[in-house]
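> Submitted below is the structure of interest, expressed as structure tokens.
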There are 2 protein chains.
Amino acid sequence: MAPKEQQDPSYRILHEADLRAYLADVPAIAAQLGGAAADWAITEVGDGNLNLVFIVKGARGGIAVKQALPYVRLVGESWPLPLSRAHYEHLALVHQARLTGQLVPAVLHHDRALALTAMELLTPHIIMRRGLIEGIRYPRFVDDISTFMANTLFFSSDLALTAAEKKEGIAAFAGNHALCKITEDLIFTDPYRVAEQNRWTTPWLDATAQDFRDDLDLHVAISRLKLKFMASPEALIHGDLHTGSIMVTQDQTRVIDPEFAFYGPMGFDIGAVIANLLMAYLASAGHERAPGDRAVFEAWVLETVEGVWSEFARKFLVLWRSEARGDGYPVALFPGEAGTARLETERQAYMARLFQDTVGFAAAKTIRRILGLAHNLDFEAIADEKQRAICEARALRLARSMMLEAPSFTTIDAVTKAAREVRDWQPEFAR
Amino acid sequence: MAPKEQQDPSYRILHEADLRAYLADVPAIAAQLGGAAADWAITEVGDGNLNLVFIVKGARGGIAVKQALPYVRLVGESWPLPLSRAHYEHLALVHQARLTGQLVPAVLHHDRALALTAMELLTPHIIMRRGLIEGIRYPRFVDDISTFMANTLFFSSDLALTAAEKKEGIAAFAGNHALCKITEDLIFTDPYRVAEQNRWTTPWLDATAQDFRDDLDLHVAISRLKLKFMASPEALIHGDLHTGSIMVTQDQTRVIDPEFAFYGPMGFDIGAVIANLLMAYLASAGHERAPGDRAVFEAWVLETVEGVWSEFARKFLVLWRSEARGDGYPVALFPGEAGTARLETERQAYMARLFQDTVGFAAAKTIRRILGLAHNLDFEAIADEKQRAICEARALRLARSMMLEAPSFTTIDAVTKAAREVRDWQPEFAR
């Protein structure tokens, strides 16, 4: 058994008064907020599943303060969760900030013992998922998220690091296994078996849920993906890169909440972005006020899916051609014009393998949001439950085909084509 | 850059007198040796490339003492190598002893600061490679080495460990990266480029060596294997499992020297055993006194190659069916008779993928012994250099085909068939 980690004896949950006194003692924070500490407005706003989140506003500016609780907030003390996740989140934020600059919130202060991080307040940004439900388009998104993924993944991969640096990075995040375990259980196991925490839109999806629990080909496919998740430390991944971990305005994109970060397969991050866009696309019909009134938005979502992969791949390849200082694919083995050409062919083959992983992980991320514990507001916000189930059934149909027939999806256009085809498919219960 | 590790200030190289006094202070050792410390016979016998090795004999019994030097013994202080390798070797020995009992030497004492380990003296065992050169058959070998590999690999894999335990294991060995780097350079890079340390039997293999340096398909194949070596922590592997790391009698097999141990691809260990047997087979013609006088031995070597894989695979599958307590391939997803059958099919597919890795790594291990820095006595002991080159050319021909056409080798019999076919092939320079 892996040993349980010890909680720092100085850890305590900070309530408003404690927090005010604590923050007043941190010069960088006091300067950022301005004015007298007694006048700071402190509001607890955490709507996530795990942590306390405070917004603090002073005379000059505001900050966000995130403190981990020693249990899952949504469930309570019966589901303990190590505070060390705040440490790993901080490590990941520092890595991402170094490589992507403004694409993550600036960290102002971190206290490992208190599992607390104070960050730049993102305003007027909103959670991207909420914007997508409204049918809002984000013109910066493709460029920003593809830069985020290309930079954070490439520069923590064997293409950019020496093997020694890579092993040190893997070891530095090895302790975050409790967060990995959540993913292993909730994404890669539970939706495919009877598990108390599973839920789905009943009764319409009962038969489909049963099908997914009975389909042994799917169980082989998800087990292979689970093994890849556990034992393919390709790069330092965000680990939870859905549209609820992204804050946006029309001009800015910020990626937040990397507490699930560890060295894992790159396709898991890329697949998360693509899956959540595909779910936004297939949930859109449930948010129509009149048939077709979200057609422009929906077309944009699919263009965005295509752009996310193609721009990610393009930028990753640019980095590989110019910044390959790692121990993988040593350029010394590919000299001259012929070597350069052969390596370029191999780069394309590498990206094709990564695309296969991406398709599989995108499918896994979709299925868990419909048959597992944690659902997406995209679907949940569809008040008519039968209409919601229709949208979800379409997403499940697409995901099932992506997981079982991943090799038939050789391009991102094949994925968006399949999504378009399923957009108006009617499940049997709706006919 | 990965930081350089600090040498413990109490480290010192032990010469005979120091060693005698040191050992006399360790009760377990004094008891094992018996008699007065002044009467112990101490001989330095290290013929490896890296360490000091002493044999100490007392009135009652003997021990072997291995001390790491802060540099590569073969080269000298100009090639520093961290002492921590003795720590990782000790960790690996403990792991192997727990899982294979008598198949590794018993550890009597370990001193991390001195990078020193005292072990059971293996006598009258000899290095297996020397026995193979003599044409000696070892009837226990298949059973013992397949047990060693099945147990050590299975029980450190995702099939036997929780993901948390696995990540802790990976982290515990992450610091052994300097030893991994030797493999990365000498096996996966240097033989395919101009490197000062490379050597081969010249002039006969000059053209072949040039071919290997020019063949870009080979360079892609070896780069994919290198990436797998660096970023596929499937299990705690020995890391240097050639026939020079195995000591044998007719009745016993002992695996020694796991200082290259880390979490890597299982096929690397299995491929190492198979490659070194294939080299023994193809070197055998060079040790004939009369044509065909080693035919029985050679037939035994190829049977052994077949037995190593098939017994390994059989035992690994037995463990998987009965001891699968890990997070990989959860049995909950494969219930009932249909589930059991589907999981069994997937186990076969898993073994087929592992066999592909094994074939590729076996090829890499062969090529490095003929075109790289460290050569095998199997070939080196062939005094007639042209005859040696002929044997080596055959091994290179086989290895090249195994590396480039790995998928065409779907069974171990296909490998031994190809070996048999190349046994009497004459390279152009010999015609």
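The values are calculated or read from the model by the stated rules, or taken from the named source; none is laboratory data. If you're wondering where the values come from, they're calculated on a predicted model, not measured in any experiment. All Cβ positions, glycine included, derive from the backbone under ideal geometry; neighbour counts span all protein chains shown.
> Just checking, does the range B:215-238 include any residue being more than 13 Å from chain A (Cβ to nearest Cβ) and assigned to a loop (DSSP other than H, G, I, E, B)?
yes
> Any idea which residue in the range A:373-410 is surrounded by the fewest Cβ atoms within 10 Å (Cβ to Cβ), counting only those that are of a type in the set (S, T, N, Q) and either touching a strand residue (DSSP E or B) at 6+ places or on another chain (Cβ under 8 Å) or touching a residue at least 40 places away in the same chain (Cβ under 8 Å) (or both)?
Among those residues, the one meeting the criterion is A:Thr410.
> Now for a separate question. Working only within the range B:208-221, note down all residues that are more than 19 Å from A:Thr345 (Cβ to Cβ) and in contact (Cβ under 8 Å) with a residue 24 or more places away in the chain.
B:Thr208, B:Ala209, B:Phe212, listed by residue number.
Yes/no per residue for (1) of a type in the set (A, V, I, L, M, F, W, C); (2) without any contact (Cβ under 8 Å) to a residue 12 or more places away in the chain; (3) within 19 Å of B:Ile256 (Cα to Cα):
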site	(1), (2), (3)
B:Ala41	yes, no, no
B:Tyr88	no, no, yes
B:Leu93	yes, no, yes
B:Ala106	yes, no, yes
B:Ala115	yes, no, yes
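> Only one of (1) more than 20 Å from B:Asp269 (Cα to Cα); (2) of a type outside the set (Phe, Trp, Tyr); (3) buried (at least 21 other Cβ atoms within 10 Å of the Cβ) is not met by B:Leu132, so which one is it?
Failed condition: (1).
> Please determine whether any residue of the range A:143-161 is within 14 Å of another protein chain (Cβ to nearest Cβ) and within 15 Å of the chain's Cα centre (by Cα).
Yes.
> Considering B:Asp378, B:Asp384, which residue is within 17 Å of the chain's Cα centre (by Cα) and among the acidic types (Asp, Glu)?
B:Asp378
> Run A:Arg98 past the list (1) farther than 30 Å from A:Glu380 by Cβ; (2) in contact with a Lys or Arg (Cβ under 8 Å, 6 or more places away or on another chain); (3) not assigned by TED's automatic domain parsing to the domain that holds A:Val331 and report the number of the one that doesn't hold.
The single condition A:Arg98 does not satisfy is (2).
> Right, B:Tyr263: more than 30 Å from A:Ala235 (Cβ to Cβ) and assigned by TED's automatic domain parsing to the domain that holds B:Glu421 or not?
Spelling it out, it is not the case that B:Tyr263 is more than 30 Å from A:Ala235 (Cβ to Cβ) and assigned by TED's automatic domain parsing to the domain that holds B:Glu421.
> Moving on to the next point. Which residue, of B:Ala275, B:Ala290, B:Ala341, B:Ala280, is more than 14 Å from chain A (Cβ to nearest Cβ), surrounded by fewer than 17 Cβ atoms within 10 Å (Cβ to Cβ) and not hydroxyl-bearing (Ser, Thr, Tyr)?
It is B:Ala290.
> Here's something else I'd like to know. Return yes or no: is B:Phe312 surrounded by 15 or more Cβ atoms within 10 Å (Cβ to Cβ) and closer than 30 Å to B:Thr243 by Cβ?
So B:Phe312 passes the test.
> Considering only the range B:242-281, state which residues are among the acidic types (Asp, Glu) and over 27 Å from B:Ala115 (Cα atoms).
B:Asp251
> Just to check your reading of the model, which residue among A:Arg137, A:Arg98 is farther than 30 Å from B:Phe262 by Cβ and not β-branched (Val, Ile, Thr)?
A:Arg137
> Just one of the numbered conditions (1) in contact with a Ser or Thr (Cβ under 9 Å, 6 or more places away or on another chain); (2) within 13 Å of another protein chain (Cβ to nearest Cβ); (3) buried (at least 22 other Cβ atoms within 10 Å of the Cβ) is not true of B:Phe173; which one?
(1)
> Give me the pairs: first residue in the range A:360-372 and in contact (Cβ under 8 Å) with a residue 60 or more places away in the chain, second residue among the acidic types (Asp, Glu), beta-carbon distance under 9 Å, and six or more apart or on different chains, which are they?
A:Phe361/A:Asp269; A:Arg368/A:Asp190; A:Arg369/A:Asp378; A:Arg369/A:Glu392; A:Ile370/A:Glu392; A:Leu371/A:Asp190; A:Leu371/A:Glu392; A:Gly372/A:Asp190
> Could I ask something else about it? So, of the residues in the range B:193-206 that are free of Cβ contacts under 8 Å to residues at least 60 places away in the same chain and either assigned to a helix (DSSP H, G or I) or in contact with a His (Cβ under 9 Å, 6 or more places away or on another chain) (or both), which turns out to be nearest to the other protein chains (Cβ to nearest Cβ)?
B:Arg193
Residues checked against (1) assigned to a helix (DSSP H, G or I); (2) modelled with pLDDT of 95 or more; (3) more than 30 Å from A:Phe229 (Cα to Cα):
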residue	(1), (2), (3)
B:Ala290	no, yes, yes
B:Asp293	no, yes, yes
B:Ala299	yes, yes, yes
B:Leu302	yes, yes, yes
B:Val305	yes, yes, yes
B:Phe312	yes, yes, no
B:Lys315	yes, yes, no
B:Trp320	yes, yes, no
B:Gly328	no, yes, no
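> Take B:Ala41 and tell me if it is modelled with pLDDT of 95 or more, surrounded by 12 or more Cβ atoms within 10 Å (Cβ to Cβ) and in the same structural domain as B:Gln67 (by TED's automatic domain parsing).
Criteria not met by B:Ala41.
> Do we find a residue being closer than 22 Å to B:Met266 by Cα, hydrophobic (A, V, I, L, M, F, W, C) and surrounded by 21 or more Cβ atoms within 10 Å (Cβ to Cβ) anywhere in the range B:203-217?
no
> List, please: which pairs have Cβ atoms under 8 Å, are six or more places apart or on different chains, and start with a residue in the range B:316-329 that is within 12 Å of another protein chain (Cβ to nearest Cβ) and end with one that is loosely packed, with under 13 Cβ neighbours inside 10 Å?
Within 8 Å, the pairs are B:Ala324/B:Val331.
> Looking only at the range B:178-189, count every residue that is in contact (Cβ under 8 Å) with a residue 60 or more places away in the chain, facing chain A (nearest Cβ under 7 Å) and surrounded by fewer than 22 Cβ atoms within 10 Å (Cβ to Cβ) and tell me the total.
Going through the range B:178-189 one residue at a time, the tally reaches 0.
> Only one of these conditions is not met by A:Leu91: (1) more than 20 Å from the chain's Cα centre (by Cα); (2) under 17 Å from A:Gly239 (Cβ atoms); (3) not assigned by TED's automatic domain parsing to the domain that holds A:Ile270. Which number is it?
Result: A:Leu91 passes all but (1).
> Given the residues A:Val65, A:Val26, which is the only one that is among the β-branched types (Val, Ile, Thr), in contact with a strand residue (DSSP E or B) (Cβ under 6 Å, 6 or more places away or on another chain) and either closer than 21 Å to A:Leu241 by Cα or within 14 Å of another protein chain (Cβ to nearest Cβ) (or both)?
A:Val65
> Give the range A:38-61 a look and list any residue that's closer than 15 Å to A:Glu16 by Cβ and either touching an Asp or Glu at 6+ places or on another chain (Cβ under 9 Å) or not aliphatic (A, V, I, L, M) (or both), or say none.
A:Asp39, A:Trp40, A:Ile42, A:Thr43, A:Glu44, A:Gly46, A:Leu52, A:Val53, A:Phe54, A:Ile55, A:Lys57, A:Gly58 - these are the residues of the range A:38-61 that are closer than 15 Å to A:Glu16 by Cβ and either touching an Asp or Glu at 6+ places or on another chain (Cβ under 9 Å) or not aliphatic (A, V, I, L, M) (or both).
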